């Protein structure tokens, strides 16, 4: 081995010399540099097999990439005297385990220890004033970092993707935390920001999925709106009332722990372990059965009271906004809990297997997570306000004493197995609002005599009421409330039914489907494949007809009239060959696939049309132009999918959105003016379309999944500041386009993070 040295500069390490040339690899090669070396040149040891290096005190500088990609380098002994470590100096030294940087060092270059994936510990010199861009980026095994008081700036991506980093000690003196400085540090749970910091930049803590608590002093006057990313997991911000951080917490709906709560908690019972307003653990006290959680607590932590077998009652004070997962799980004597009006969320399994007699959720509760009250076998009453928008799977499972239940009007669906095993439940009331009743929702509710299902429900799972008294045939049909879930395929539809569910009569033996007056909707495939169905009567009360309701039936095959209009003026089927179409005045709805695959070129819709249903004009390959009137308020998916000749579309003010796959595969559509009433570009809206330029109006807030994917000719799209959500793959396979965004907007942020061509407007 040998060194090439000139004027004290070590220019090149010659490696093992003859041994290497003979193919003999020398293991655990340890080097002590000559005492006359004062500087190590750029790339001097790059890609060498050295495993240990002793750098003498006379070395002042280590050059750029000096030890980069040294795959065997495990140990570097920095002696006192070193002042500067160059850019990428140790980049990619994957087995380097530790770095103790001497107190003489003043500068560590950008990316100096980037991708040192084996680095577990590092000590930074107190004379270093800035941790440069990407210095420790990708050090995936680094567990703890102490940033000394001399450091004033942590630059962009300094600790990016340090996935094992659990602790960072930031000392006083630090002023700024740069963009993505700690992004994707997925093991960080708590961060304390010192009171000298004034700025936390964009994405500084983005992707820190376990970061729940952060302490931010009032000295921080610049807190980027996306400092914690677009989808943060922060549960608590500790700060001072009126500070920028306090305002941030209020804006983003994050629990805030301030001096108010801190004062309330001074001198509280030591049985309560409370940290920054979070009650993390209650230590069971002898013979104490009734407790009051101290004022000042803002969250009951996960497992806080778990398996406390002597608790009988708990009072949770105002200010608490969340009860964590398993918080009271297994408290088998707990009969009473008093919940505050500030409560928003009850975590999964929070009260499982408690003996609660009743639960009254206060107005303001929004989320009850899965299995939250499972096994509360003594609970007779459960009150749910209309503020609840998420009631998750099995939340009330096996509540065997519950006799009646009213659901929240804000729920989208009655969740899977929500009340399974509630054997005393006699009445279930679902108000107008929910649209689905999912699998096993009421399975095993053996006392259920009445279930009110509103007209808003469009689908009930076949086994939603299995093993209940309601799971029986009525006049030959399975009917719950006014919802016909499943028919025997032959018997007529009873009067009083409001909705006919999806596939209700599918493959049945009906010859005539006489829909009684009062039915308002017919679900997808309801009469599909009824091989002898020849007569259908649909009353005016029917306002909605699903996809393929009469598919593969003789009744459809025998339609010879130009337009089949049924129910509340729903155009079910078109049978025309002329190129120019004027849809009859009075038609309110263009039914699913009504014009699909017809050889039409131009369509005029009347102002009476309010609803375009699924695939209404799909695969009309000769269609060139259409005008959508202002009256249209509902747009389903795939309206113009596969209309490869479509060139001109006029959308009038009033059109609410660009629906799912609305213009997908419209390869001739080059331009389109969107009305200012459009609020959303839904999934695959322009997938594989020929669109070249598009300006989104200020009304748009969301761009969905694959909305512009495979738009090969797209060159320019202007996205306003109103857009706050863009799906990750919205623009995949768009090789030519430039995004025009407003400065500081979500669109600008999206473009930067995805390395897109962008112009600020």
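The values are calculated or read from the model by the stated rules, or taken from the named source; none is laboratory data. Since this is a predicted model, take the numbers as computed values, not measurements. Counting neighbours? That spans all protein chains shown, and the Cβs are built from the backbone with ideal geometry, glycine included.
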Subset tally (residues that are under 19 Å from residue 381 (Cα atoms) and under 30 Å from the mean Cα position of the chain (by Cα)) for region 416-442: 8
Test: residue in region 394-405 that is within 27 Å of the chain's Cα centre (by Cα), closer than 24 Å to residue 436 by Cα and surrounded by fewer than 21 Cβ atoms within 10 Å (Cβ to Cβ): no
The listed residue being closer than 20 Å to residue 219 by Cβ, modelled with pLDDT of 85 or more and part of a loop (DSSP other than H, G, I, E, B), out of 297, 240: 240
Exclusive hit being at pLDDT 95 or above and either touching a helix residue (DSSP H, G or I) at 6+ places or on another chain (Cβ under 6 Å) or more than 27 Å from residue 518 (Cα to Cα) (or both), set 590, 639: 639
Qualifying residue in region 36-49 (condition: surrounded by fewer than 24 Cβ atoms within 10 Å (Cβ to Cβ), in contact (Cβ under 8 Å) with a residue 12 or more places away in the chain and farther than 19 Å from residue 11 by Cβ): no
Residue among 504, 526, 557 that alone is closer than 25 Å to residue 615 by Cα, out of contact with any strand residue (DSSP E or B) (no Cβ under 7 Å at 6 or more places or on another chain) and either free of Cβ contacts under 8 Å to residues at least 40 places away in the same chain or surrounded by fewer than 16 Cβ atoms within 10 Å (Cβ to Cβ) (or both): 557
When residues of region 348-364 are limited to those that are surrounded by 24 or more Cβ atoms within 10 Å (Cβ to Cβ) and under 15 Å from residue 320 (Cβ atoms), the one nearest to the chain's Cα centre (by Cα): 350
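Just to verify a result, which residue in region 130-150, among those that are part of a loop (DSSP other than H, G, I, E, B), within 17 Å of residue 82 (Cβ to Cβ) and modelled with pLDDT of 95 or more, is farthest from the chain's Cα centre (by Cα)? Give the steps one after another, and end with the answer.
Step one: list which residues in region 130-150 are part of a loop (DSSP other than H, G, I, E, B), which gives 132-143, 148-150.
Those still in the list that are within 17 Å of residue 82 (Cβ to Cβ) too: 132, 135, 148, 150.
Within this subset, residues satisfying the condition of being modelled with pLDDT of 95 or more are 132, 135.
Working: 132: 32, 135: 30 Å.
Here the residue is 132.
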Residue 100 touching a strand residue (DSSP E or B) at 6+ places or on another chain (Cβ under 9 Å) and under 22 Å from residue 199 (Cα atoms): no
Subset of region 225-239 that is free of Cβ contacts under 8 Å to residues at least 60 places away in the same chain and crowded, with 18+ Cβ neighbours inside 10 Å - its residue that is farthest from the chain's Cα centre (by Cα): 239
Near pairs, Cβ below 6 angstrom, 6+ apart or cross-chain, from region 297-326 (free of Cβ contacts under 8 Å to residues at least 24 places away in the same chain) to any residue that is assigned to a strand (DSSP E or B): none
Test set (1) under 32 Å from the mean Cα position of the chain (by Cα); (2) modelled with pLDDT under 95 - residue 310 fails condition number: (1)
